[in-house]
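Participant: Okay, handing you the structure first.
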Amino acid sequence: MRYKLISCEVFHRELCACAAKSPHSVDLEFLPKGLHDFGGRKMLEPIQFAVNRSEGLGYDAILIGYGLCNNGLNGLVARSIPVVLPRAHDCITVFLGSRKRYAEYFEDHPGTYFKTTGWIERSNLSGQQTQLSMETAIQANLSYPALVAKYGEDNARYLLEQLCGPGHYRRLAFIEMGVEPNSSFEEQTRREAEERGWTFEKVAGDIGMLQRLVNGVWSDEEFLVVQPGHKVVARYDDRVIVAEKNDHH
Amino acid sequence: MVDREKLYQAILTGDAKSARALTEEALKESVDPKELLDKTLIPAMDEVGRLFETNEYFVPELLISARAMKSALELIKPLLAEKGAEPAGRVAIGTVKGDLHDIGKNLVAAMLEGGGFEVVDLGVDVSPEAFVTAAKDKGASIIALSALLTTTMPAMKKVVAALEEAGIRERVKVMIGGAPITQRYADEIGADGYSDNASGAVALARSLAAKVPAAA
């Protein structure tokens, strides 16, 4: 089979490793991680564009390396070939290998911020954590000096604290996926946790879900196969996403 | 006489220091706090909301105006309580269980306060039971739920269910919001209203407050 994979670059190392081991031929295309900050329609557009561009090139299916991601995949349309997506709220589910495992971890440790190689080396905020990126939160790409100029120093400091504060995260978990070239990513995460006074934890990741995606092993429990003429619809239950007929075409 | 227009402008421009100083001055001159709130402060926040709706103001302007409003309210609220003045309504607000993202919730809480509501801020990661308690014991007639993650959205449904189970669903209104929330989802879980922004949340709370059945 020939597959085209369109993925968030946060899975870069993992998917390169998986594609190399896949029995199928998989062409890879990675989109910027920053799309996540937009969510919704603004995130969907470039992904849909990449899907559309991959049609008519002889692929048997288009594989998607995204979760529902802040509804960014809600409405994705399969036109002439099937589109396959993991049933996942976000990439952490995929890194941990199952919705069940993510739900359990989330239940036991709310307030955990996760790191992987992709989250570290593909970050456009040089490792800084923000509740939402500044750009998203204030709908303008303003630097601190620009904020001071516009709102005065007192208000600028207040805005920074409100929009980019550490929030309520208290734990930093490094998910080890087995694709790390050395321990530097883990060490960096540990240092960051120390600096913030957060709890550090190393969690074993599970590359299985990504491997099954590129191997073409798509159980209904784990993946949604969107047939041509259908679209992805978010469902806030165990299924996460379902396919519905796309009425626009 | 304190210049009311200056106070109005201080709220509008997010000048917290001036807003507080002018309010203090007005109260010293024995201006009726309720009158100051209704005639100057709330209209100023309504104008902030209007500017936001017309895309002249954005989130930073809302935040700093709400902050200025808060600095004035801190002086006025104790006086209102003394006089037994009734707020526009009592809202219990929080992010739902599992969700720790509170920028949106804080902004809505500040805007609601600026709109004359008494806000009981339950914080983040709030259990359905805590919302029920706020409605029962703290007299909240509106419950405002916030979620940033699609993962935590189902917790909103649980709050609605918990209110039903406690037998108080009829006498409280539930409003929901947050980045992934839609009107469709609000309808699906039986919430009474949805707003996609903080200014709209004030208008929504006002319309819901008008529909709250009179306390028995």
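The values are calculated or read from the model by the stated rules, or taken from the named source; none is laboratory data. Keep in mind that what you see is a predicted model, and the values were worked out from it rather than measured. So basically every Cβ, Gly included, is an ideal-geometry build from the backbone, and we count neighbours across all protein chains shown.
Participant: What about B:GLU61, is it surrounded by 15 or more Cβ atoms within 10 Å (Cβ to Cβ) and modelled with pLDDT of 95 or more?
Facilitator: Values: surrounded by 15 or more Cβ atoms within 10 Å (Cβ to Cβ): yes; modelled with pLDDT of 95 or more: no.
Here the answer is no, as B:GLU61 does not meet what is asked.
Participant: Further question: Across segment A:184-215, what is the total count of residues that are over 19 Å from the mean Cα position of the chain (by Cα), free of Cβ contacts under 8 Å to residues at least 40 places away in the same chain and assigned to a helix (DSSP H, G or I)?
Facilitator: Count: 9.
Participant: Of the residues A:GLY67, A:GLY72, A:GLY56, only one is at positive phi, in a loop (DSSP other than H, G, I, E, B) and not assigned by TED's automatic domain parsing to the domain that holds A:PHE174; which?
Facilitator: Details: A:GLY67 fails: at positive phi; A:GLY72 fails: at positive phi.
The match here is A:GLY56.
Participant: Before we move on, is B:GLY89 in contact (Cβ under 8 Å) with a residue 24 or more places away in the chain and touching a strand residue (DSSP E or B) at 6+ places or on another chain (Cβ under 7 Å)?
Facilitator: yes
Participant: Could I ask something else about it? From (1) part of a helix (DSSP H, G or I); (2) within 13 Å of chain A (Cβ to nearest Cβ); (3) surrounded by 17 or more Cβ atoms within 10 Å (Cβ to Cβ), pick out the condition that doesn't hold for B:GLU113.
Facilitator: Looking at each condition in turn, B:GLU113 falls short on (2).
Participant: Okay, moving on. Can you name every residue in segment A:83-104 that is more than 11 Å from chain B (Cβ to nearest Cβ), surrounded by fewer than 21 Cβ atoms within 10 Å (Cβ to Cβ) and assigned to a helix (DSSP H, G or I)?
Facilitator: A:LYS100, A:ARG101, A:GLU104
Participant: Same structure, new question: Hey, A:SER183 hits all of (1) touching a Pro at 6+ places or on another chain (Cβ under 7 Å); (2) over 30 Å from A:LEU85 (Cβ atoms); (3) modelled with pLDDT of 95 or more but one; which does it fall short on?
Facilitator: (1)
Participant: When both residues are 6+ apart or on different chains and their Cβ atoms are under 7 Å apart, which pairs have a first residue that lies in segment B:21-44 and is free of Cβ contacts under 8 Å to residues at least 60 places away in the same chain and closer than 20 Å to B:ALA110 by Cβ, and a second that is surrounded by 14 or more Cβ atoms within 10 Å (Cβ to Cβ) and of a type in the set (Lys, Arg)?
Facilitator: B:LEU22/B:LYS6; B:THR40/B:ARG4
Participant: Quick test of your reading of the structure: B:PRO154 fulfils all but one of (1) surrounded by fewer than 24 Cβ atoms within 10 Å (Cβ to Cβ); (2) more than 14 Å from every other protein chain (Cβ to nearest Cβ); (3) not hydroxyl-bearing (Ser, Thr, Tyr). Name the failing condition by number.
Facilitator: Of the numbered conditions (1) surrounded by fewer than 24 Cβ atoms within 10 Å (Cβ to Cβ); (2) more than 14 Å from every other protein chain (Cβ to nearest Cβ); (3) not hydroxyl-bearing (Ser, Thr, Tyr), the odd one out for B:PRO154 is (2).
Participant: Further, regarding this structure: Would you check which residues across segment B:103-141 are of a type in the set (A, V, I, L, M) and under 14 Å from B:ARG171 (Cα atoms) and list them?
Facilitator: Quick first cut of segment B:103-141, residues of a type in the set (A, V, I, L, M) only: B:103, B:107-112, B:119-120, B:122, B:124, B:126, B:130, B:132, B:134-135, B:140.
Listed by number, the residues that qualify are B:VAL132, B:ALA134, B:ALA135, B:ALA140.
Participant: Being polar (S, T, N, Q) and not in a helix (DSSP H, G or I), is that true of even one residue in segment B:62-81?
Facilitator: So far as segment B:62-81 goes, no, none of its residues is polar (S, T, N, Q) and not in a helix (DSSP H, G or I).
Participant: Take the residues of segment A:216-249 that are in contact with a Gly (Cβ under 7 Å, 6 or more places away or on another chain), assigned to a strand (DSSP E or B) and in contact (Cβ under 8 Å) with a residue 40 or more places away in the chain: which is farthest from the other protein chains (Cβ to nearest Cβ)?
Facilitator: Only one residue tops the list, namely A:LYS231.
Participant: Pull out all pairs, ordered by first then second residue, where Cβ-Cβ is under 6 Å, the residues are six or more apart or on different chains, the first lies in segment A:161-183 and is closer than 11 Å to A:PHE114 by Cβ, and the second is part of a helix (DSSP H, G or I) and not polar (S, T, N, Q).
Facilitator: Pairs that qualify, where the first residue is closer than 11 Å to A:PHE114 by Cβ and the partner is part of a helix (DSSP H, G or I) and not polar (S, T, N, Q), are A:LEU172/A:ALA193; A:PHE174/A:GLU186; A:ILE175/A:PHE95.
Participant: Could you tell me which of the residues B:ALA16, B:ALA26 is surrounded by 18 or more Cβ atoms within 10 Å (Cβ to Cβ), within 14 Å of chain A (Cβ to nearest Cβ) and farther than 30 Å from B:ALA135 by Cβ?
Facilitator: B:ALA16
Here's the yes/no breakdown for (1) among the basic types (Lys, Arg); (2) free of Cβ contacts under 8 Å to residues at least 40 places away in the same chain:
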site: A:ARG2; (1), (2): yes, no
site: A:CYS18; (1), (2): no, no
site: A:LYS21; (1), (2): yes, no
site: A:SER25; (1), (2): no, yes
site: A:LEU28; (1), (2): no, yes
site: A:LEU35; (1), (2): no, yes
site: A:GLU45; (1), (2): no, yes
site: A:ARG53; (1), (2): yes, yes
site: A:ASP60; (1), (2): no, no
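Participant: Given the criteria surrounded by fewer than 20 Cβ atoms within 10 Å (Cβ to Cβ) and of a type in the set (Gly, Ala, Ser), does B:ALA130 qualify?
Facilitator: So B:ALA130 passes the test.
Per-residue answers, yes or no, for (1) within 14 Å of chain A (Cβ to nearest Cβ); (2) at pLDDT 95 or above:
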| position | (1), (2) |
| --- | --- |
| B:ASP102 | yes, no |
| B:GLU129 | no, yes |
| B:LYS138 | no, no |
| B:GLU165 | no, yes |
| B:ASP192 | no, yes |
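Participant: Are any of the residues in segment B:34-45 touching a helix residue (DSSP H, G or I) at 6+ places or on another chain (Cβ under 7 Å) and closer than 17 Å to B:ALA140 by Cα?
Facilitator: Scanning segment B:34-45, I find no residue that is touching a helix residue (DSSP H, G or I) at 6+ places or on another chain (Cβ under 7 Å) and closer than 17 Å to B:ALA140 by Cα, so the answer is no.
Participant: Here's another thing I want to ask about it. For segment A:221-249, give me the residue count where each residue is surrounded by fewer than 18 Cβ atoms within 10 Å (Cβ to Cβ) and over 16 Å from A:LEU68 (Cα atoms).
Facilitator: Number satisfying all stated conditions: 7.
Participant: List pairs: first in segment B:49-61 and within 17 Å of A:LYS150 (Cα to Cα), second assigned to a helix (DSSP H, G or I) and of a type in the set (Lys, Arg), Cβ under 8 Å, 6+ apart or cross-chain?
Facilitator: The qualifying pairs are B:PRO60/A:LYS150.
Participant: Has segment A:62-74 got any residue that is surrounded by fewer than 23 Cβ atoms within 10 Å (Cβ to Cβ), over 30 Å from A:TYR169 (Cα atoms) and in contact with a helix residue (DSSP H, G or I) (Cβ under 8 Å, 6 or more places away or on another chain)?
Facilitator: no
Participant: Something else about it: Sort out which residues of segment B:176-210 are under 23 Å from A:ASP37 (Cβ atoms) and in a helix (DSSP H, G or I), and write them in order of number.
Facilitator: B:TYR185, B:ALA198, B:SER199, B:GLY200, B:ALA201
Participant: With the condition kept exactly as written, say whether any residue in segment A:40-50 is among the small types (Gly, Ala, Ser) and buried (at least 19 other Cβ atoms within 10 Å of the Cβ).
Facilitator: no
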